[in-house]
1. Could you tell me whether V109 is under 25 Å from G30 (Cβ atoms), of a type in the set (A, V, I, L, M, F, W, C) and at pLDDT 85 or above?
2. Is there a residue being in contact with a Gly (Cβ under 6 Å, 6 or more places away or on another chain), within 25 Å of S48 (Cα to Cα), surrounded by 15 or more Cβ atoms within 10 Å (Cβ to Cβ) and at pLDDT 90 or above anywhere in the range 131-151?
3. Can you list the helices (runs of 4 or more DSSP H) lying wholly within the range 1-104 that have 2 or more residues being in contact with a Ser or Thr (Cβ under 7 Å, 6 or more places away or on another chain) and modelled with pLDDT under 85?
4. Going by the conditions given, is V155 more than 24 Å from the chain's Cα centre (by Cα) and aliphatic (A, V, I, L, M)?
5. Just give me the residues in the range 327-351 being within 20 Å of L293 (Cβ to Cβ) and either without any contact (Cβ under 8 Å) to a residue 12 or more places away in the chain or under 18 Å from the mean Cα position of the chain (by Cα) (or both), in sequence order.
6. Can you name the number of the only condition in (1) in contact (Cβ under 8 Å) with a residue 40 or more places away in the chain; (2) among the β-branched types (V, I, T); (3) surrounded by fewer than 21 Cβ atoms within 10 Å (Cβ to Cβ) that V100 fails?
7. In the range 362-378, how many are crowded, with 18+ Cβ neighbours inside 10 Å and within 16 Å of W218 (Cβ to Cβ)?
8. Between L34, L39, L73, L63, which is buried (at least 19 other Cβ atoms within 10 Å of the Cβ), more than 19 Å from the chain's Cα centre (by Cα) and of a type in the set (A, V, I, L, M, F, W, C)?
Amino acid sequence: MGLMMQALLSGANFVVGVILIRRTNDAQYGYYILATNALLLITALQTSFIQPYIVTNITRMDLAARRDLIGGLVRTNRRWVPPLCALGLLITALLWAVHVLNAPTAILVGITVVTAAFTLGREFLRTTLFALHRPAAVLRADIVYVVLLIVGAYVATLLPHSARVATASMAVAALLARFMLSRGLWNLEPWNRESTKPVLKAMSALGGWAIAGSGIHWLLIQGYSYLVAGVLDVHFVAAIAATRLLLVPVFVLSGGVSMLLFPITSRWVHESGVSSAARKLSLLVAALAVLALCYMGIMWLMRDWIFAVVLKKHFEQRDQLLLLWGAVFLVTLCRDQLATLPASCEKFRDMTLLTGFSTVAWAISSVAAMDLIGPLGAVLGILIGEVINILGIVVMILRETRVPRPAKPAPTF
């Protein structure tokens, strides 16, 4: 069911992208990409911060302890998200007041900040329900979210400033989905509203390095849009994002599988040791890579029809961009799954340092390559960074397999 939900979200993102590409200009689509990439960063940071703590604790507790823990998590989320949203709006207003942002951009940033607040609530509840093995409740909310997202994108193309309207519709969809998830969690397992469990410090112990690594990895995978907009122009963001869109299902599949795989890998390490877990991961990665290559092959064969009929757009260097994005997503797919093993061994510091080094390599190579070959250079830089990243992950796994670590009995859930 987890893969089905990821397929649903991937399909929705693809449909929204197609609608905006077909019915808006390159600038509006580029601004929408900038907004949604910022949302991806914010949600990735939260997930990286809370997921290790939730996964390693919530499934091993009895009912009373779980209710107390969830109550503490809900209280912490409600205490911090609204003030951070208000701070974001204040900073946006100040940047507009000192003319760093013009009025249209400031409005888009403000809408994105509000959307982020609702999205954080939705993602927090999704993570908690997944940890409790309640995917059905998540699926119902995701269906409503997807429908509203697609309808909102279409309505946005009928109005001026499509990027703002599409982003605002995402806020409405996230708010309603958050309400459904909250009701679903309460009906399944009511939390302790009076909980005073201090979870923030405990989450920091496990998620501190993970959140830094996630932020840096976002720069490697999604930061291209801001780099291209700054070095070249926002119109080039549309060309790169549109070619990337065809392969986004691979990216979403990768993220979805790795999210579900993390607790499974942790169990493998506890049950049979690191070496056995590494072998199982290798087989899974090989199967996913074959599946991704099949999908990429179909997209490549259909590329002329897709761009001429479906997207109704023509971009220079289209084929080269598609090939580079295919290589990037294939490496990222393998990297995301393999990274669950060192994460299960709590090697967050080493993973963060590795990702930081990869990101520096990406930034330097992208800027240099864009001066030589234009938009292609941005994607080439991402590929260089991801190759360095996965090579480092492989070295970490090999190092862990050589450390003697007796197998432990599986925890009782």
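1. Numbers: under 25 Å from G30 (Cβ atoms): yes; of a type in the set (A, V, I, L, M, F, W, C): yes; at pLDDT 85 or above: yes.
Yes: the conditions hold for V109.
2. No; the residues of the range 131-151 include none that is in contact with a Gly (Cβ under 6 Å, 6 or more places away or on another chain), within 25 Å of S48 (Cα to Cα), surrounded by 15 or more Cβ atoms within 10 Å (Cβ to Cβ) and at pLDDT 90 or above.
3. Working: elements: 2-23, 26-57, 63-97.
Answer list for the range 1-104: 26-57, 63-97.
4. Working: more than 24 Å from the chain's Cα centre (by Cα): yes; aliphatic (A, V, I, L, M): yes.
Yes.
5. Keep residues of the range 327-351 that are within 20 Å of L293 (Cβ to Cβ), which gives 327-338.
Selection gives V328, F329, L330, V331, T332, L333, C334, R335, D336, Q337, L338.
6. The one condition V100 does not meet is (1).
7. 3
8. L73
The values are calculated or read from the model by the stated rules, or taken from the named source; none is laboratory data. Small disclaimer: the values here were computed from a predicted structure and weren't measured. We place every Cβ from the backbone using ideal geometry, glycine too, and count neighbours over all the protein chains shown.
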